[in-house]
Amino acid sequence: MRGPEYHQLRLGLPSNLGEGTLNRRGHSRPSLRRSQSNGMLFDLFEITRPVPRKKIARGRGLKFDNELTEKCRRMVSMLGLDPLADQVKVFWNLRLSSTAGLAHHSNAQIDLNPRLERFAPEEPERTLLHELAHLIAHFRASDRRIQPHGLEWQSACSELGIPGEKRCHDLPFANRAIKRKLAYQCRCCGIVVPRVRKLSRDSACYPCCQKYNRGGYSRRFLLEKISIKEAKSLVPEHNWA
Ligand SMILES: [Zn+2]
Ligand SMILES: [Zn+2]
């Protein structure tokens, strides 16, 4: 296994977790279970079973972007990675909500959130390069396992002209007060994942998959639904519905 099938850049987290207002004031309460993993904040909490290639390409709500695809191809080609340049393609994914972008390693596809444009004109470009750096790092690593935002990704970011890129973007729409009606928990590390919509039954805890399964998806770390009451007691500062 090479690590997760795709890397997901989740906007606004960790501020999503403690909810924006708290984080903007610089508070962070210890009741949040995230520290149990290794004290780090993760920009990705769920990992789903890899989607078959056909499904990704044909999924509804995907709009192919020829211009951005050409742009990526030129950049990748300039780095001497022609096999990747031939494959890379960019879509606008209308189904993304709090996710800025996705990089699907298996078919060199980048999905962008159409809402990015609304908030800052430079955001689509930035996210595009962030995700492209994931594809480049993964391509170069071949079968070697790498950290999603490790050195390989960081150097690809520099080559693409975004040195010092952060692993996680903070955009206004990530901080809006969404009331999350659903909660899931990893029984392994205890992390609580607030959700607006139902998670697929196959969603597993990403930090645990990273820690115990080298980033590969494993059903051992399935996220289980918990009651809102329980979620409130575990993460009282979150903006629960
Ligand atoms: Zn990333
Ligand atoms: Zn976990």
Filter region 204-223 down to the residues that are in contact with a strand residue (DSSP E or B) (Cβ under 7 Å, 6 or more places away or on another chain) and either surrounded by 15 or more Cβ atoms within 10 Å (Cβ to Cβ) or outside the structural domain of CYS188 (by TED's automatic domain parsing) (or both) and list them by number.
ALA204, CYS205, TYR206, CYS208, CYS209, TYR217, SER218, PHE221, LEU222, LEU223
Are any residues in region 76-105 away from ligand 1 (no atom under 16 Å from the Cβ), modelled with pLDDT under 90 and either within 18 Å of TRP153 (Cα to Cα) or not hydrophobic (A, V, I, L, M, F, W, C) (or both), and if so, which ones?
ARG95, SER97
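Among the residues of region 99-121 satisfying the criterion of being assigned to a loop (DSSP other than H, G, I, E, B) and over 14 Å from the mean Cα position of the chain (by Cα), which is nearest to ligand 2 (Cβ to nearest atom)?
Filtering region 99-121 for residues assigned to a loop (DSSP other than H, G, I, E, B) gives 105-108, 113-115, 120-121.
Going one step further and asking which of them are over 14 Å from the mean Cα position of the chain (by Cα), we end up with 106-108, 114-115, 120-121.
Values: SER106: 24, ASN107: 28, ALA108: 29, PRO114: 31, ARG115: 29, ALA120: 32, PRO121: 37 Å.
Checking each candidate, the answer is SER106.
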Take the conditions modelled with pLDDT of 90 or more, over 30 Å from ARG180 (Cα atoms) and touching a Ser or Thr at 6+ places or on another chain (Cβ under 9 Å) and apply them to LYS71. Does it pass?
no
Name the residue, out of LEU160, LEU171, LEU182, LEU199, that is at pLDDT 90 or above and of a type in the set (A, V, I, L, M).
LEU160
Check on LEU102, touching a residue at least 40 places away in the same chain (Cβ under 8 Å) and crowded, with 21+ Cβ neighbours inside 10 Å:
yes
Of the conditions (1) of a type outside the set (D, E, K, R); (2) modelled with pLDDT of 90 or more; (3) more than 16 Å from ligand 1 (Cβ to nearest atom); (4) out of contact with any Phe, Trp or Tyr (no Cβ under 9 Å at 6 or more places or on another chain), LEU151 clears all except one; give me its number.
(3)
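The values are calculated or read from the model by the stated rules, or taken from the named source; none is laboratory data. Remember, it's a predicted structure, so these values are computed and weren't measured experimentally. Don't worry about glycine lacking a Cβ; one is built from the backbone with ideal geometry, like all the others, and counts go over all protein chains shown.
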